[in-house]
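Q: Before anything else, here's the structure in question.
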Amino acid sequence: MKAIILAGGKGSRLNPVTKAINKHLIPVYDKPMIFYPISTLMLSGIRDILIIVNQENLIQYEELLGNGSGLGINIQYIIQEKPEGLPQAFILAEKFIDGSSVTLILGDNIFYGQGVYDMIQKSIKSNQGATYFSIKVNNPENFGIINIDNKIVSFEEKPKKPKSNLASVGLYIFNNSVIEHSKSLKKSLRGEYEMKDLFDIYSKNNELDIKVFGRGVTWLDTGSIESLNTASNFIKSVQQNNSFLVACLEEIAYNNNWIDKLQVRKIAEKIGQNFYKDYLFSIIDE
């Protein structure tokens with residue numbers, strides 16, 4: 001299993017902040033936003049990651065994450081010249097995906113809670129075509145919504161009259177056919193390749209599986225100022241009430257046995273004196 005993180009785009013809903021910095025590098029409480037989707041993938045056992053970025057932000061990502069070797073993972077980057085819809089990612093990433101299946105996650109989504117990573121891992125093993133993750137929401141008119149009626153699956157983007165309250169959470173698993181399926185798509189009236197059309201192909205082939213996260217899962221979309229603030233407050237609350245950090249990549253890598261104590265120590269020693277350095281030393285001194 002390989003994975004793609006979409007971290008390009010202009011982040012227009014977060015202007016003027018995103019005039020100077022890519023949206024996915026903005027802090028969500030105490031860590032860059034991009035740490036959270038990376039942590040979701042790592043906690044799901046995925047080590048080969050492609051991050052799709054804008055040309056002007058590539059150097060910043062390379063300085064922040066490098067090639068991932070310090071975390072025991074493989075990170076590659078590819079430039080997105082012009083955003084043309086989510087399925088474009090599979091066309092851009094064709095060489096990276098090669099003969100593998102692939103997980104796609106949006107760079108501004110955060111997952112937290114009981115059973116998240118277990119569900120993703122099981123879905124990776126059971127996926128026969130495409131797996132679509134969703135969660136029940138109170139305001140479905142603000143999200144991409146999936147509706148299932150007598151096994152007929154339909155998708156709507158921010159419907160005025162939603163047929164269900166199952167929102168897309170920006171996390172998907174696909175088999176290798178996704179590359180050719182994406183190439184077969186035609187652009188919509190808004191000039192983009194649509195995920196709806198991609199899922200329609202899998203649905204017609206009876207290869208689409210729908211997974212719904214349960215009550216113990218929190219999903220946060222950080223695409224607006226309000227939701228970004230909500231996410232930061234949520235992470236702050238979780239960390240203040242517990243003895244661990246959310247999305248500490250070094251800790252995840254260490255717990256997965258992808259790096260050892262010596263590697264964690266070397267990383268910590270390069271950090272200035274702050275809470276993050278203290279935390280890294282704490283996890284190897286236990």
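Q: Look at the range 14-38 and say how many of its residues are touching a Phe, Trp or Tyr at 6+ places or on another chain (Cβ under 9 Å), in contact (Cβ under 8 Å) with a residue 60 or more places away in the chain and surrounded by fewer than 24 Cβ atoms within 10 Å (Cβ to Cβ).
A: Count: 3.
Q: Just the residues that are among the aromatic types (Phe, Trp, Tyr), in a helix (DSSP H, G or I) and buried (at least 22 other Cβ atoms within 10 Å of the Cβ), please, taken from the range 90-128.
A: Answer for the range 90-128, where residues must be among the aromatic types (Phe, Trp, Tyr), in a helix (DSSP H, G or I) and buried (at least 22 other Cβ atoms within 10 Å of the Cβ): just Phe90.
Q: Something else about it: Take the residues in the range 1-47 that are part of a helix (DSSP H, G or I) and basic (Lys, Arg); name whichever of them is nearest to the chain's Cα centre (by Cα).
A: Checking each candidate, the answer is Lys23.
Q: Please tell me if Gln76 is at pLDDT 95 or above and in a helix (DSSP H, G or I).
A: no
Q: Considering only the range 9-27, I want to know if a residue exists there that is hydrophobic (A, V, I, L, M, F, W, C) and touching an Asp or Glu at 6+ places or on another chain (Cβ under 7 Å).
A: No.
Q: Would you say Ile145 is closer than 23 Å to Val102 by Cα, in contact with an Asp or Glu (Cβ under 8 Å, 6 or more places away or on another chain) and assigned to a strand (DSSP E or B)?
A: Criteria met by Ile145.
Q: I'd like the full set of residues that are at pLDDT below 95, loosely packed, with under 13 Cβ neighbours inside 10 Å and of a type in the set (D, E, K, R), limited to the range 186-241.
A: Arg190, Lys204, Arg215, Glu226 - these are the residues of the range 186-241 that are at pLDDT below 95, loosely packed, with under 13 Cβ neighbours inside 10 Å and of a type in the set (D, E, K, R).
Q: Another question, if that's okay. Look at Leu228 and say whether it is touching a helix residue (DSSP H, G or I) at 6+ places or on another chain (Cβ under 9 Å) and either within 20 Å of Leu104 (Cβ to Cβ) or of a type in the set (Asp, Glu) (or both).
A: no
Q: If a residue has to be surrounded by fewer than 18 Cβ atoms within 10 Å (Cβ to Cβ) and small (Gly, Ala, Ser) to count, how many in the range 149-179 make the cut?
A: Total meeting the criteria: 3.
The values are calculated or read from the model by the stated rules, or taken from the named source; none is laboratory data. Small disclaimer: the values here were computed from a predicted structure and weren't measured. FYI the Cβ positions are ideal-geometry reconstructions off the backbone, even for glycines, and counts take in every protein chain you see.
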